[in-house]
Amino acid sequence: MIIEAAQRDEFLALMEETYGEAMTPAEFDWWFDRNPAGPRILNEARDDDSTPLGALAMSFARMSQGLAAFAVHAVTTPAARGRGVFSTLELGNEQEAAAAGATWALGFTNPLAGPILVGKLGWEDVTSLRIWARPKRLRRRGEGSLRGCPGVAAFTERIPYRGHHIVRDPEYLNWRYAGSPRPYARIDHDGGWAVVTHAIWHGFSSAVICEAVGGAGVLRHAARAADADLAVALVNPGEERRYLAAGFLPTPRTIRFIGKRLTGDAPELPKRRDAWSFTLGDLDFF
């Protein structure tokens, strides 16, 4: 669905009011209106006097097993508590996703949404995704940026992954990075390449490794692409050795990955970490 500017601005204002931050209008239009996997789902609830009570969104992705819908950008107001607003919106989104052809709903969830989705709405814990980090400074400063002039040229590559994963073909990569209003940098080294951005992660200024193809050398160069306290990455089974060689170590921080079968004939969700391959670029907030 194409979101009207007034509805978009109201949604972003609600996100800002609730969380203290929100996407920019340009990021919203890119994420929801230009995603090549489409269609886009964003539904809202209002009180009797038309005051917004909340809004929930889903973003589609072409997975190795077919179309999947990721739960993203959920917000409800204090006035919605105890009224079933979140559950009603979520179940409505799931029905739309199934009608569009998605077999799974997936989510990198947080402590607010996770207990409702898993405890009340039939979602399942699938696996835990551990963050790895490479220290870059002796003391945390909590500030930094990408070095040089960020920019990503058009992609022609397709990245192969084992297990279930988002299909990373040129159409996806060009939308996700080259066409994004967010700043990214592509690092090429010794036949490999990586895509990096900068973000504040749990108070640390971080070089975020969004994609990486190649050995330890390109990972070391990618980690240096930002003036930051540390570099962070998601490391999939089988990738540990090259990340260790590049100076990355596993941290106590994990992401709770959950899912739900949307149709009766949908395949079961495998609950093994080695059945899935993800990167930090798969998350909607980097």
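The values are calculated or read from the model by the stated rules, or taken from the named source; none is laboratory data. Keep in mind it's a predicted model, so treat the numbers as computed, not measured. As a convention, Cβ positions derive from the backbone with ideal geometry for all residues, glycine included, and neighbour counts pool all protein chains shown. Please note that ligands, DNA and RNA were not included when accessible areas were found on the heavy atoms of the full protein model with its side chains. Shrake-Rupley method; radii C 1.70, N 1.55, O 1.52, S 1.80 Å.
Test residue 209 against the stated conditions and say whether it is among the β-branched types (Val, Ile, Thr) and at pLDDT 95 or above.
In short, yes.
Using the structure shown, decide if residue 125 is assigned to a loop (DSSP other than H, G, I, E, B), open to solvent by 20 Å² or more (accessible area, probe 1.4 Å) and among the acidic types (Asp, Glu).
Judged against the criteria, residue 125 is not a match.
Testing residue 242 on (1) surrounded by 13 or more Cβ atoms within 10 Å (Cβ to Cβ); (2) in contact (Cβ under 8 Å) with a residue 40 or more places away in the chain, one condition comes back false. Which one is that?
(2)
What is the residue count in segment 257-283 for residues that are in a helix (DSSP H, G or I) and of a type outside the set (Gly, Ala, Ser)? Give the steps one after another, and end with the answer.
The first filter runs over segment 257-283 and keeps only residues in a helix (DSSP H, G or I), leaving 273-275, 280-282.
Remaining after also requiring of a type outside the set (Gly, Ala, Ser): 273-274, 280, 282.
Of the residues in segment 257-283, 4 are in a helix (DSSP H, G or I) and of a type outside the set (Gly, Ala, Ser).
Looking at segment 166-178, is at least one residue open to solvent by 20 Å² or more (accessible area, probe 1.4 Å) and closer than 15 Å to residue 209 by Cβ?
Within segment 166-178, not a single residue is open to solvent by 20 Å² or more (accessible area, probe 1.4 Å) and closer than 15 Å to residue 209 by Cβ.
Go through the residues of segment 211-222 one by one and say whether even a single one is exposed (fewer than 13 other Cβ atoms within 10 Å of the Cβ) and under 20 Å from the mean Cα position of the chain (by Cα). Give the derivation first.
Of the residues in segment 211-222, the ones exposed (fewer than 13 other Cβ atoms within 10 Å of the Cβ) are none.
No, there is no match, as no residue in segment 211-222 is exposed (fewer than 13 other Cβ atoms within 10 Å of the Cβ) and under 20 Å from the mean Cα position of the chain (by Cα).
Pull up segment 16-35, narrow it to residues that are open to solvent by 20 Å² or more (accessible area, probe 1.4 Å) and of a type in the set (A, V, I, L, M, F, W, C), then point me to the one that is farthest from residue 94 (Cα to Cα).
Residues of segment 16-35 that are open to solvent by 20 Å² or more (accessible area, probe 1.4 Å), as a first pass: 16-27, 29, 33-34.
Applying the additional criterion that residues be of a type in the set (A, V, I, L, M, F, W, C) yields 22-23, 26.
Numbers: 22: 23, 23: 23, 26: 26 Å.
Of everything passing the filter in segment 16-35, 26 is farthest from residue 94 (Cα to Cα).
Only one residue in 42, 12 is in contact with a His (Cβ under 8 Å, 6 or more places away or on another chain) and aliphatic (A, V, I, L, M), so which one is that? Give the steps one after another, and end with the answer.
Details: 12 fails: in contact with a His (Cβ under 8 Å, 6 or more places away or on another chain).
Of 42, 12, the one residue that is in contact with a His (Cβ under 8 Å, 6 or more places away or on another chain) and aliphatic (A, V, I, L, M) is 42.
I'd like the residue in segment 109-121 that is in contact with a strand residue (DSSP E or B) (Cβ under 6 Å, 6 or more places away or on another chain) and outside any helix (DSSP H, G or I) and, out of all such residues, is modelled with the lowest pLDDT.
113
Here's the yes/no breakdown for (1) at pLDDT below 95; (2) charged (D, E, K, R); (3) under 27 Å from residue 166 (Cβ atoms):
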residue: 1; (1), (2), (3): yes, no, yes
residue: 11; (1), (2), (3): yes, no, yes
residue: 16; (1), (2), (3): yes, yes, no
residue: 42; (1), (2), (3): yes, no, yes
residue: 50; (1), (2), (3): yes, no, no
residue: 62; (1), (2), (3): no, yes, yes
